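The values are calculated or read from the model by the stated rules, or taken from the named source; none is laboratory data. The structure presented is a predicted model; accordingly, all values stated were derived computationally and were not measured. Reconstructed Cβ throughout: ideal geometry from the backbone, glycine too, with neighbour counts over all protein chains shown. All accessible areas refer to the heavy atoms of the entire protein, side chains included, with ligands and DNA or RNA removed. Shrake-Rupley method; radii C 1.70, N 1.55, O 1.52, S 1.80 Å.
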Amino acid sequence: MPAIETEGLTKLYGAERGIEDVTLMVEPGEVFGFLGPNGAGKTTTIRTLLDLLHPTRGAARIFGLDSRRESVAIRRRLGNLPGDFGYGKHASGREALALLARLRGIDDLARGEELARRFRADLDRPLGRLSRGNRQKVGLILAVFHRPDLLILDEPTSGLDPLMQEEFLALTREERERGCAVFISSHELDEVERVCDRVGIIRGGRLIAVERVEDLLGKTLDRRRVKVEFAQPVDLDDVRAMPGVAAAEFAHPTLEEVFLTYYEEGSG
Amino acid sequence: MTALLAAQLHERRRSVLSWGLPIGLWSGFVVAIYPSVEDALQKAIASYPEALKEAFGIAELNSVEQYLSAEMLSLIVPLAIGYLAVRSVASGLSGAAESGRLDVLLSAPVSRSRLVAASFGATAAEIACVLLASLLITALSSLLVGAGLSFGLALAGFANVWPLALLSAGLGIVVTGWSLRTAIVTGSVAGVLVAMYVADLVGRLDTSLDWIRYGSVFRYYGHAIEDGIDPVAFIGVTATAVAIAAFGAALFERRDLTQ
């Protein structure tokens with residue numbers, strides 16, 4: 001049974017368009033990237049799946065349950081990280097975690113504590129006094145601590161530093177291996193490419209493509225450009241002198257790669 | 001439901017002090033000065049026009065209970081507590097939507113109706129605690145200066161504010177069915193409460209307009225500190241408040257929760 005199945009899902013805000021005829025399917029154990037620029041309809045789709053918005057037309061089923069009529073049953077199996085996570089200023093992450101655990105009938109907060117250590121999240125400070133990135137870590141913990149069957153994450157790495165982004169990608173892979181379906185809305189194309197099995201692209205409220213990541217990249221593959229790594233340092237002129245080579249240049253590491261190198265050395 | 005209720009009560013624990021203490025101190029001050037102003041009051045009241053005295057429920061001011069009623073329980077306490085009630089119920093709904101908390105809570109297996117019920121229930125308990133704190137401070141003040149305030153009558157006077165506050169909270173939930181902006185929810189219900197008070201006042205001043213009082217909760221509010229609680233009005237207003245809250249919950253269930 002699909003984790004998510006939508007058919008002609010449409011949400012109109014009066015005369016304004018939200019999303020129109022969105023039809024997609026996400027399987028258990030699949031990481032699905034939902035791509036599109038701001039205002040394309042990513043968040044509207046997610047909020048309609050979560051029954052926060054009521055569809056104008058069409059339907060969504062999650063684990064075979066109707067998203068509208070059976071939303072409470074659905075949410076027993078679901079973890080959600082809203083875009084721009086917030087929980088008020090005064091409550092701490094631990095208080096939020098304790099309340100959500102009680103609402104889910106969970107007594108043991110060990111998994112939440114473990115995730116807090118892993119993401120270096122401060123669960124004791126009031127959320128209003130945390131930076132955006134540190135709040136986001138708490139939001140991630142609240143979404144994942146109960147080992148859901150479906151994770152819906154709206155811009156999950158927003159505000160996270162590169163180290164925590166890496167940790168998030170590792171966690172996503174672990175969740176996939178556990179059999180959890182992960183629906184990630186993002187415009188961070190790099191992280192989507194690294195972790196997603198399939199992607200859907202939404203533009204102007206309409207889903208215009210759903211493909212496997214490698215198929216999508218293969219379509220635009222430029223067979224004239226090749227990344228080659230030599231065993232030893234080479235002279236660029238020697239490379240340029242090779243038959244058929246039109247141009248050659250050294251590949252500079254990205255700032256993110258350099259940043260991660262420093263931290264990997266520090267942790268070793 | 002109990003988890004939500006407990007969490008909301010925990011968040012509102014400070015309001016017992018921040019609202020109960022000032023209202024109690026003000027009421028206590030009114031009670032404390034009564035013995036020293038009693039004679040002057042009698043003379044002043046005797047000079048007031050009958051219609052005015054009737055309108056403001058001050059036909060007589062020959063007891064500390066009547067003075068407390070006229071100074072505090074006729075207008076200031078019901079309006080202040082009514083405002084606190086709508087502010088509190090809104091903090092659990094529109095306030096939660098504004099802070100993002102509503103999205104997080106509705107990720108858990110909780111229905112919107114339960115969220116509304118928890119917010120309403122927490123408000124009812126919070127208001128009861130604030131009124132109790134106010135009553136105890138007032139009674140303590142009377143004891144200290146020997147003002148002779150009847151605890152039983154004062155209890156009736158403060159307790160009678162509770163159904164009115166619940167009605168205010170119920171109206172707040174109805175407005176939340178349309179708007180998730182806390183300023184709009186609290187402002188509109190506060191406006192309705194003031195309009196109801198004015199309608200009741202006008203109806204009392206001009207008997208030909210008495211009919212407009214039927215739409216005002218203040219018609220059923222009365223003067224419990226002098227006459228005791230009218231059980232029919234008390235239960236009727238409470239039941240109406242619960243029915244209005246249930247209607248509001250149905251509206252809240254149907255609405256879109258936009259960011």
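Numbers at a glance
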{"item": "Test: residue in region B:173-185 that is closer than 19 Å to B:LEU75 by Cβ and touching a helix residue (DSSP H, G or I) at 6+ places or on another chain (Cβ under 8 Å)", "result": "no"}
{"item": "Test: residue in region A:117-133 that is farther than 19 Å from A:LEU151 by Cβ and either in contact with a Cys (Cβ under 6 Å, 6 or more places away or on another chain) or among the hydroxyl-bearing types (Ser, Thr, Tyr) (or both)", "result": "yes"}
{"item": "Only listed residue being more than 14 Å from chain B (Cβ to nearest Cβ), under 21 Å from A:ALA170 (Cα atoms) and open to solvent by less than 30 Å² (accessible area, probe 1.4 Å), chosen from A:PHE145, A:PHE119", "result": "A:PHE119"}
{"item": "Subset of region B:86-115 (residues that are more than 7 Å from chain A (Cβ to nearest Cβ) and either open to solvent by 20 Å² or more (accessible area, probe 1.4 Å) or small (Gly, Ala, Ser) (or both))", "result": "B:ARG87, B:SER88, B:ALA90, B:SER91, B:GLY92, B:SER94, B:GLY95, B:ALA96, B:ALA97, B:GLU98, B:SER113, B:ARG114"}
{"item": "Test: residue in region B:26-47 that is over 20 Å from B:ALA147 (Cα atoms), part of a loop (DSSP other than H, G, I, E, B) and open to solvent by 50 Å² or more (accessible area, probe 1.4 Å)", "result": "yes"}
{"item": "Residue, nearest to A:GLY83 (Cα to Cα), within region A:101-116, restricted to residues that are open to solvent by 40 Å² or more (accessible area, probe 1.4 Å) and within 11 Å of another protein chain (Cβ to nearest Cβ)", "result": "A:ARG104"}
{"item": "Tally, over region A:1-40, of residues that are of a type outside the set (A, V, I, L, M, F, W, C), more than 18 Å from A:ARG198 (Cα to Cα) and part of a loop (DSSP other than H, G, I, E, B)", "result": "3"}
{"item": "Residues of region B:209-244 classified as open to solvent by 70 Å² or more (accessible area, probe 1.4 Å) and either touching a helix residue (DSSP H, G or I) at 6+ places or on another chain (Cβ under 6 Å) or under 16 Å from B:LEU193 (Cα atoms) (or both), total", "result": "3"}
{"item": "Residue satisfying condition, being more than 10 Å from chain A (Cβ to nearest Cβ), of a type outside the set (Ser, Thr, Tyr), open to solvent by 10 Å² or more (accessible area, probe 1.4 Å) and within 25 Å of the chain's Cα centre (by Cα), within set B:ALA122, B:ALA80, B:ALA118", "result": "B:ALA80"}
{"item": "Within region A:1-18, considering residues that are in contact (Cβ under 8 Å) with a residue 24 or more places away in the chain and of a type in the set (D, E, K, R), the one most open to solvent (accessible area, probe 1.4 Å)", "result": "A:GLU7"}
{"item": "Members of region A:71-89 that are assigned to a loop (DSSP other than H, G, I, E, B), open to solvent by less than 40 Å² (accessible area, probe 1.4 Å) and more than 7 Å from every other protein chain (Cβ to nearest Cβ)", "result": "A:GLY83"}
{"item": "Residue that is surrounded by the most Cβ atoms within 10 Å (Cβ to Cβ) [pool: residues in region A:122-142 that are small (Gly, Ala, Ser) and more than 16 Å from the chain's Cα centre (by Cα)]", "result": "A:GLY128"}
